[in-house]
1. Going through the range 54-89 one residue at a time, which ones are under 18 Å from LEU144 (Cα atoms) and in contact with an Asp or Glu (Cβ under 7 Å, 6 or more places away or on another chain)?
2. Can you tell me which residues in the range 195-207 are surrounded by fewer than 16 Cβ atoms within 10 Å (Cβ to Cβ), touching a residue at least 24 places away in the same chain (Cβ under 8 Å) and either within 12 Å of ILE97 (Cα to Cα) or hydrophobic (A, V, I, L, M, F, W, C) (or both)?
3. Tell me which residues, restricted to the range 129-162, are free of Cβ contacts under 8 Å to residues at least 60 places away in the same chain and either in a loop (DSSP other than H, G, I, E, B) or among the charged types (D, E, K, R) (or both).
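Every number in this text was worked out from the coordinates using simple rules, so none of it is lab data. These numbers come from a predicted model, not from an experiment. Glycine gets a Cβ as well: all are built from the backbone with ideal geometry, and neighbour counts include every protein chain shown.
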Amino acid sequence: MKLLKKYEAQAEEFVKVCHKLAQNLYVTSSGGNLAWRLEDNLLLITPTKLYKGDIGLKDLVFIDLEGRVVEGKRRPTGETPMYLKFFNLRQDIISVIHCHAPNVGAMAISKEKNWLMRPIYPETTIEVGPVPLVPYAEPLTEQLAENFVPFLPKYDSFIMESHGLVTMSRAGITETLMLVELLEMSAKSILLALQVGDIKELDREAVCDLGNTMRTRSLPLFGAPGVNKSLEELYFD
């Protein structure tokens, strides 16, 4: 278990995130999965058919970007084709979480407007960005992975139609979990607001100002490097 020893700190952090997802009820049964790029051609990934609240260090799997197991006793998640697509097409991405957070999940099965594509809260606008709806496909399939392709250059978070949520970032797995938590609470607030009446968006001027905030905080624009020109363009053009 050379890789597990080499990346012991990251593996322990990875397990903690698995457990936090379970504690939050963002994953149930054996659902959900996550992956962390540790080297250019090395991913730490969750095993298949195992409850995230029970995952331990011995259950973790290391694979390469062709999906071959490099180290680990278990098989990697059945959603491996999806992760290979993510990490091969987005060289800037470091970690990814797929889960079934309940309020984002409600939006995944709703026929109404996708409010997560709109600027509602400053924090969500500058840290998560717009969240498009990726068309449904059978789980664990290459088709599901392919359905992400048109969206991957421009966005970092995605609602999977009738399924769940995917969030990716250029940071470690804990930071990506924080984005998931932020997005889930934003979705909860949106659903509560819809029970009261209409949603109030941030206007174009406010979003333009938030672009300045991102530059001040050295936050990168969402999507692949160089694809998006401004935060304002992402939301209004």
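1. Matches in the range 54-89: PRO81 only.
2. Scanning the range 195-207 gives ILE199, ALA206.
3. VAL131, PRO132, PRO135, TYR136, ALA137, GLU138, PRO150, PHE151, GLU161, SER162
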